[in-house]
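Working notes for the structure below.
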Amino acid sequence: MNKAMPETGIPVSPILEKIMDSKAGPQKNIVAKKRLLKISVLAVLVAAAISIIAKFLIYLINLVTNISFYGKFDINYHSPANNHLGLWAILIPAIGGVIVGFMALYGSKAIRGHGIPEAMEQILVNQSKIKPSLIYLKPLSSAIAIGTGGPFGAEGPIIATGGALGSTLGQLFKITSGERKIILAAGATAGMSAIFGTPIAAVFLAIELLLFEFSPRAILPVALACITGAAGHHLLFEAGPVFPMPDLTTPSNVALGIYSALGIIVGFLSLAVTKIVYFIEDNFEKLPIHWQWWPAIGGLVVGLIGYFAPHTLGVGYDNITSLLSGSLPLTIVLSLLFFKFLSWAIALGSGTSGGTLAPLLTLGGAAGAVLGALILSIFPNCGISIPLAALTGMAAMFAGASRAYLTSITFALEATMQSHALLPLLGACTASYLVSFFLMENTIMTEKIARRGVFTPDSFEPDSLGKLTVSQVMSANTRILREEDTVKHIKDWLSNNPSMQQNYFIAVTREDTFAGILQLTDLYKQALEPENPVRTILKSSNAYIQPLDSLRKAVNIMSAAGLEILPVVSSADNKVTGVLTSGDILNNYSSYQDENEQPSTHISFKRQRLKLLLRRKKLLKA
C-alpha cells in the first residue's frame, strides 16, 4: 500500500496524516476556518427562523389567551387579569393543563419543564441531539399552558424551540457533535435575543449555561445568531427597551452599599425559591396518579390563586414594567411576590410546559421593590430609589438562582437601557452569586439533571495538556532499542533491568531514525532464534511526535494509533531523541495540577529578615 511521505522521510499513514504532518498545519487552519464559516451561516439561518417562530409564539399565546378568557379570536395582547369570568376562570388553567398532559403523553415527554435544563442535558449526554418534533410541540404546548393563565414567560419555550431547531439542522448536515452543540446554543440564545432584544446577555447565557467553553469557534456563530435575533426583535417587535423605566441617576456610595446588601438578601431568597420549587416537584412525584394529570392539578391551583390575585396569571411582562416604574401600590407588589411565586412554583413542579426567566425576574423585582420601600421608610435620605431597587433585585434573583452572573447583569442593562444601573447591578449580583455559590450545590437550572447523575461543568479552566510540551515530560533514550540488537541481547537486558519492562519499545536505525515498535509479547511468544535481530519482529508505526508539540496533540495521536508510547523525533534531522509514554503524560499532568492547586508562600518576611541579618554581619566584619 502506498503511504504518504513527508519530506523528512518518515512514512505517514492516511489516518494520521492530518494530525502529524507539520506542513499540514496551515492547511488544517484553512479547513477549520471554512467549517467555522459554514457553522456561522447555519447559525444565522437558525436565528432568522427562530425570530419568526418567536413572533408566531407570541401571537399564539395572545390568541389562546383571548379565546380562553375573552371568547374572541384576536392576536393582540390582552392581560388575562382583566377577565370577567368569575369562578369559571379557575377552570381555564386546569383545562390547559389537561391538554398539555395529553400532548406530553402522546407527543413527547420532553415538552415538560422550562427548557434550559433539558437543553443542557442533551448537550452533556446526548451529543446535542434533540428530537425534531419539539420544534412544533414545545411552542404549541407552551402557548396553551401560558395562554390559559400559566404564570410563565415566553422566553423559556422559545429557547427550547431554538435549541431543538438548531439541533435538528445540525443532525441534517455532516458535522461534529461539538459543532452541533454550537448550532443548538446559537438557536436557543437567538430565541432569547428575539424575545427581549438583548444579544449580549444572550451570548453570555450561551457561555455560562450551554456551551461550557470559550473559544472563537463557539463564540462567533453564537454572536452572529444573537445579533440576527436582536435584528428580528427590532423588526418584528419593537426597537426600544423591552422593560422601559424612569431615567436613573448615578447612585451615591451609601446607596451602592445598600443595593449590595439588598443583593445578599435576594441571594438567600433565590436559595429558598430553588429549594421550594424542587420540594414541590418531589411531592408531585409521590402522587398516586399518572404524571399526565399533574399539569391539570397544577393548573387548578394556578386558577384558584389567579381568581384572588389576577395579576399572577399569564406571561406578566407588564408586571415587570410596572415594578420597574415604581408606581405599583405596595399591596399589589406583595401579592405579586407571594402569590406569583406560589402559582409559578406549583405549576412548574407539576411538569407543565413553561419558563423560569420571567417569573424569576418578577419575583426578584417585587422583592427588590419591597425591600427598597422598607429601607426608605426607615432611612428616607439614604439615596436609593424603588425602581433601581426593583431592577437590582430582579437581576440578583436570576444571578442567585441560575448562577448566570454575567447574563444577569447584562440582561438588566440591555432590557432597560439604564447605564447608571451598572454599579448597583454589579454589587447586588455579586453578593447574590456569593450566597448561592457558598450555600447551594446546584442551581435551579442544574438540580434536575444533577439528580439524574449528569455533571454540569462550572468553570472554564485552561487546558493543562495544551500548555505542556513534549520536551518537558519525555523520557530519555534509555528505553530506545537498536533494530540490529539480537533477541537474546534484549531479553538479557530486560532480565537485568526489570523496572524497564513495558508493553512497547521504540527501535531506531544506525542513523537514529525511527525503525518501528517492538511489542513485548512478540518478543516472548514467537519461536525466534536468539541471534536474530529484532528488526524481524518490529511493527511499523507511522505515529510520532516532535519536542515542541503539546501533550494534547500527543494524546490525540496515541488515541488514534492505539499506542501507549510514541517516539519523539527532532524536526531538524528526523532523529529519535526520546520517547513519550502514557505514564509520562499522566504523571506530569498530575504534578502540574498539584503545583497549581497547592498553596505556597513566595515572599517570606522571615527569610528577608535573615538576609538582612547576614548582610549586617558581613558589614560589621568588613
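Details
- Between A239 and F438, full extension at 0.36 nm per residue minus the direct alpha carbon distance yields a gain of 67.7 nm.
- Partner lysines whose Cα lies under 22 Å from the Cα of K491, excluding those fewer than 8 positions away in the same chain, are identified as K525, K539.
- Remark: relative contact order (segment 34-236) = 29 percent; criterion is Cα-Cα distance under 8 angstrom and separation of 6 or more residues.
- Length-normalised contact order for the chain - Cα pairs under 8 Å, 6+ apart - percent: 15
- Two-site FRET efficiency, S559 against K286, from Cβ-Cβ distance with R₀ of 35 Å, rounded to 0.05: 0.15
- Computed from Cα atoms alone, the Kirkwood hydrodynamic radius reported for segment 34-236 is 17.0 Å.
- Distance from the Cα centroid of segment 313-350 to that of segment 151-165 is 20 Å (rounded to whole angstrom).
- Label selected from (i) -0.62, -0.78, -0.92; (ii) -0.46, -0.59, -0.70; (iii) -0.35, -0.48, -0.61, the criterion being log10 I(q)/I(0) by the Debye sum over Cα atoms at q = 0.06, 0.07, 0.08 Å⁻¹ as computed here: (ii)
- Extension gain for the segment H84 to L248, taken as residue separation times 0.36 nm less the Cα-Cα distance, is 55.3 nm to one decimal.
- In the structure shown, the pairs K138/K340; K38/K181; K129/K467; K129/K275; K33/K138; K33/K448 are assessed against 26 Å; a Cα-Cα span above that value is assigned to K129/K467; K129/K275; K33/K138; K33/K448.
- Dipole-positive endmost among C226, N76, G153 within the chain (Cβ charges, Cα centre): C226
- A straight chain from S464 to S419 at 0.36 nm per residue would run longer than the Cα-Cα distance by 12.3 nm.
- Other residues whose C-beta falls under 14 angstrom from the C-beta of L538 contribute a net charge of -1, scoring Lys and Arg +1 and Asp and Glu -1.
- For F279 and R452, a Förster radius of 22 Å and the Cβ-Cβ distance give a FRET efficiency of 0.80, rounded to the nearest 0.05.
- Between S133 and K539, the distance separating the two model label sites (each 7 Å from Cα on the Cα→Cβ line) works out to 4.7 nm.
- On Cα atoms only, tilt of 177-196 relative to the major axis of the chain in degrees: 20
- Cα-based convex hull, segment 253-451, per residue volume (Å³, whole number): 112
- Modelled FRET efficiency - R0 41 Å, N29 with E531, Cβ distances, 0.05 increments: 0.20
- Placing a label point 7 Å from the Cα of R217 along the Cα-to-Cβ direction, the residues of segment 31-52 with a backbone N closer than 12 Å are 31-37, 39.
- Most positive-pole-ward Cα, M397, I449, Y433, against dipole of segment 373-483 from beta carbon charges: I449
- Shape of segment 176-300, Cα gyration tensor, a/c cut at 1.5: oblate
- In this simple spin-label model, placing a label point 7 Å from the Cα along the Cα-to-Cβ direction at both K488 and S377 gives a separation of 10.1 nm.
- Unit charges on C-beta of K, R, D, E only; dipole of the chain, Debye: 1120
- Here's the picture: charge each Lys and Arg Cβ at +1 and each Asp and Glu Cβ at -1 in the chain, and of H290, T407, G466 the one pushed furthest to the positive end of that dipole is G466.
- Within segment 464-597: Cβ-based charge dipole about Cα centre, in debye rounded to nearest 20 (Lys, Arg +1; Asp, Glu -1): 220
- Solvent-accessible surface of the chain, averaged per residue with a 1.4 angstrom probe and all protein chains in place: 47 square angstrom.
- Trypsin sites (Lys or Arg not before Pro) lying in DSSP loop within segment 482-584, provided at most 14 other Cβ fall within 10 Å: R510
The values are calculated or read from the model by the stated rules, or taken from the named source; none is laboratory data. Small disclaimer: the values here were computed from a predicted structure and weren't measured. With ideal geometry, Cβ positions are generated from the backbone for all residues, glycine too; neighbour counts draw on all protein chains shown. Each accessible area value is taken on the protein alone, full model and side chains, heavy atoms only, with ligands, DNA and RNA left out. Shrake-Rupley method; radii C 1.70, N 1.55, O 1.52, S 1.80 Å.
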